[in-house]
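The values are calculated or read from the model by the stated rules, or taken from the named source; none is laboratory data. Computed from a predicted structure; not experimentally measured. We place every Cβ from the backbone using ideal geometry, glycine too, and count neighbours over all the protein chains shown. Areas reflect the complete protein model, heavy atoms only, side chains present, ligands, DNA and RNA absent. Shrake-Rupley method; radii C 1.70, N 1.55, O 1.52, S 1.80 Å.
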Amino acid sequence: MARIFIGFMICFLLLNCAKKKEKIVIKNKPYIISYEDKKLQNYIDSLKESKSNFVAFPRKGFYGEHQLIIDKKGDFYFYQKEYFMALCSYGSENDTLPHFLGLKPKDIVRIPQKNLTDFLSENILKKEKNRQILIIASQKDTITNTSFFEFLNTKNIGTYFIRRTTQEEDTVIKYKNNDSKHIYYYPDSIKWDKTRIKLPKKLS
C-alpha cells in the first residue's frame, strides 16, 4: 500500500512539473507581428462576412505618448511624445504612413533590460489610467526577447499595441548607436523613402 501511495505521489509531482514547464513555454513563446496582424485582420473579415452585430476595428495610427523600441539585438529604447487628449480618431483611419516626428538621437534613451519593469512602471503606470498606453515597436518581425511581456502581464498596463519600427525610428536608432560620435544627425540630409513616411514640406 505504501509503495502504491509513493508511486502515485511521484507521478503526481512529475505531471505537475510538466504542466509548469508547458506554461513557461507558452508564456515565453516568440511573438510574430505579421502573424498577429494577419490573425486580427482575418477575425475582422470573418465578422463582416457573418454580418455579426459585434464589430472589431484594425489598429490605426502609429504613435502614442510612450514608445518602447526593441532593436535587432533585443536592446530596449524609449521615447515620449507630447500628450494630447484625442477626440474620436483625429483622422487616424487615413494614416497609412507614419508622420515625420522630428526625432533626434538625444530624444531616445536606452533602458538596461534588468531595469525595464521599474523604468516603465515609473514613466507609465504613475500616470492617469487613460494615459497608460504603450506602443511597442520592433525592428524584427519576430520578437524573441519577451522581458517586456513580463511587465505587461504582471503590471496590468491599460493598453498596448505592437508594430514594426518606422523608417524614422530605425534611422535615429542607427545614429544613436554610431561609434563615430563626430557624425551628427541631420534629417534634411537623409534620403527618406517617401513610400514609407509622410514628410513635412521642408523635407519633401
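Quick one: accessible area per residue over the range 93-204, 1.4 Å probe, rounded to a whole number of Å²?
62 Å²
Roll a 1.4 angstrom probe over the protein heavy atoms and tell me the percent of accessible area of the range 121-204 that is carbon or sulfur. Walk me through the numbers before you get to the answer.
Details: 2430 of 5120 Å².
The computed percentage sits at 48.
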Extension gain, residue 150 back to residue 131 (0.36 nm per residue minus Cα-Cα distance, nm): 4.9 nm
Pop a pseudo-label 7 angstrom from the Cα along the beta-carbon direction at both residue 109 and residue 29 and give the gap in nm to one decimal. 3.5 nm
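Using 0.36 nm times the number of residues separating residue 184 and residue 196, minus their current alpha carbon distance, what extension gain do you get?
Values: separation 12, 0.36 × 12 = 4.32 nm, distance 2.29 nm.
The residue 184-residue 196 span can extend by a further 2.0 nm.
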What distance in nm separates the two pseudo spin-label positions at residue 170 and residue 82, each 7 Å out from Cα along the beta-carbon direction? 2.9 nm
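Could you tell me the calculated FRET efficiency between residue 48 and residue 97, based on Cβ-Cβ distance and R0 = 22 angstrom, to the nearest 0.05?
Numbers: r = 25 Å, r/R0 = 1.12.
For residue 48 and residue 97, the calculated efficiency is 0.35.
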Label-point separation, residue 37 to residue 159 (7 Å along Cα→Cβ), nm: 1.9 nm
